[in-house]
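Chemist: I am attaching a structure below and will ask some questions about it afterwards.
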Amino acid sequence: MKPLQPESPAKKRILFVDDEAPILNGLRVRLHRLRAKWDMQFVESGAQAVEILEGGHFDVVVSDMRMPGMDGAELLRIVRDRWPQAIRIALSGYSELQQIVRLVPYAHQYYSKPCEAGQLENLIDRCLRLHEMLHEPTLRAIVGRVSKLPALPKVYAQLQELLTSDDTSVHEVAQLISTDAAITAKLLQLVNSAFFRLARRISSIEQAVNHLGFGSIRNLVLSAEVFSSWPGSGPKSVVNIDKLQSHVHQVAAAAHALAARTPKADDTLLAGLLHDIGYWILSDECQAELTESVALAVAENIPLHQAETRIIGASHAQVGAYLLGLWGLPYPVIEAVAYHHTPENVSPPEFEPVAAVAIAHALLPECDASAFDAAIPADAAVDAQFLITVNAPFDWQEAESRVAESLHSNEA
């Protein structure tokens, strides 16, 4: 990814919360060497954490789960509601996955105790780098407040039914989940949490379903705190959800066809499915601003993502990538979501998921702006030279053939 400049030389502020004094003191000693870049505070209860948060801004809150009085889930709920711009990390010693599912609406990342200071430092560093992607604190707060994503009612109901059947296969569940970006994103957030200590991040939906099991997915789907209905689905809605879903699936299928037989195939499919997840947030949280962006794009004949940046302060691509980064999804997926409209900004240029998604965009008949039922111009499309620049394993003619075949298969 193109190098990004720090937004400010000021030290980042981190709040650690744990009722076990030896653990807290151990963290204080092991992280002492980071005082030059982090301003760290250590407190022993949720009540103390709230008090210190009321006294000043913190970039990250790291909390133990099992604490007397106010436990970690309740503390992080309060942080989400009152200080949503803070990144929330939960440390849990629970062995039951059901308890981790309880954290899904409140924590951005989950880590299993005991953890090494170096691992925790890396996790916090990755989270803080996301600030370079979304500079505006107000937008960070909007995304940080997100706990529910709107799921399509039909898919949601079908998944509930499928999970109660005795003869349902992992493949069937994975196929259905892949038709809804919100459920896909939440599933991948959960399975990629550091709680599982996986050797590598999972991009395959089928692998995620197999790893978590139907019971955990059922708990996730049935939680009223995780999913909501799609906002503004009536005639006055700024976005046509059916067209947006159709576009997302076409991009996913086309990009996956382009990346077939490469090590990046799973990442590319997931990137295609989630590349417009920012619209799930903007439609829910910023519908007036999104409507204004559409009007500006039409009036000035500019791509919608450029109009969004001018009106909202960031495009749907940046907003979506920031959310997925908070949730710990694989880096190639985050990069593809962030730069699918501007792949030329990714360096060094290689055939990664971002390139496959950008090429799919160029070769499909409609872009994501088509979901807004307005005369919005498309991006400047990538061309045959772009394929050479990124060392694509095919030429332009073969790319056209693969995308056309994916469209035919998708319609079938």
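Chemist: Would you check which residues across the stretch 50-76 are among the small types (G, A, S) and in contact with a Phe, Trp or Tyr (Cβ under 9 Å, 6 or more places away or on another chain) and list them? Step through it out loud before you land on a result.
Modeler: Kept after step one, since they are among the small types (G, A, S), are these residues of the stretch 50-76: 55-56, 63, 69, 72-73.
Matches in the stretch 50-76: S63, G72, A73.
Here is a yes/no grid of residues against (1) farther than 21 Å from P263 by Cβ; (2) of a type outside the set (D, E, K, R); (3) free of Cβ contacts under 8 Å to residues at least 12 places away in the same chain:
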residue	(1), (2), (3)
V357	no, yes, no
A360	no, yes, no
D368	yes, no, no
A384	yes, yes, no
P393	no, yes, no
R402	no, no, no
H408	yes, yes, yes
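Chemist: Scan the stretch 20-60 for residues that are among the charged types (D, E, K, R) and buried (at least 19 other Cβ atoms within 10 Å of the Cβ) and jot them down. Reasoning before the result, please.
Modeler: Our first condition is that a residue be among the charged types (D, E, K, R); within the stretch 20-60, this holds for 20, 28, 30, 33, 35, 37, 39, 44, 51, 54, 59.
The one that is among the charged types (D, E, K, R) and buried (at least 19 other Cβ atoms within 10 Å of the Cβ): D59.
Chemist: Is there any pair with a first residue in the stretch 80-100 that is assigned by TED's automatic domain parsing to the domain that holds I124 and at pLDDT below 70 and a second that is aromatic (F, W, Y) and crowded, with 17+ Cβ neighbours inside 10 Å whose Cβ atoms are under 7 Å apart and which are 6 or more apart or on different chains, and what are they?
Modeler: Pairs that qualify, where the first residue is assigned by TED's automatic domain parsing to the domain that holds I124 and at pLDDT below 70 and the partner is aromatic (F, W, Y) and crowded, with 17+ Cβ neighbours inside 10 Å, are I100/Y94; I100/Y110; I100/F195.
Chemist: For P114, which of the numbered conditions (1) at pLDDT below 85; (2) in a helix (DSSP H, G or I) fails to hold?
Modeler: (2)
Chemist: Here's a check for you: in the stretch 319-336, which residue that is touching a residue at least 24 places away in the same chain (Cβ under 8 Å) and in contact with a Leu (Cβ under 6 Å, 6 or more places away or on another chain) is nearest to I124 (Cα to Cα)?
Modeler: Taking the candidates together, the pick is G325.
Chemist: Among the residues of the stretch 175-189, is there at least one that is more than 20 Å from the chain's Cα centre (by Cα) and at pLDDT 80 or above?
Modeler: no
Chemist: If you check E335, E344, E366, E308, which single one turns out to be surrounded by fewer than 20 Cβ atoms within 10 Å (Cβ to Cβ), assigned to a helix (DSSP H, G or I), of a type in the set (D, E) and touching a helix residue (DSSP H, G or I) at 6+ places or on another chain (Cβ under 9 Å)?
Modeler: On the way: E335 fails: surrounded by fewer than 20 Cβ atoms within 10 Å (Cβ to Cβ); E366 fails: assigned to a helix (DSSP H, G or I); E308 fails: surrounded by fewer than 20 Cβ atoms within 10 Å (Cβ to Cβ).
It is E344.
Chemist: Could you pull out the residue among A199, A194 that is at pLDDT below 70 and closer than 28 Å to D81 by Cα?
Modeler: On inspection, the qualifying residue turns out to be A194.
The values are calculated or read from the model by the stated rules, or taken from the named source; none is laboratory data. Every value quoted in this text rests on a predicted model; they were computed, and no experiment measured them. In this analysis, Cβ positions are derived from the backbone assuming ideal geometry, glycine residues included, and neighbour counts consider all displayed protein chains.
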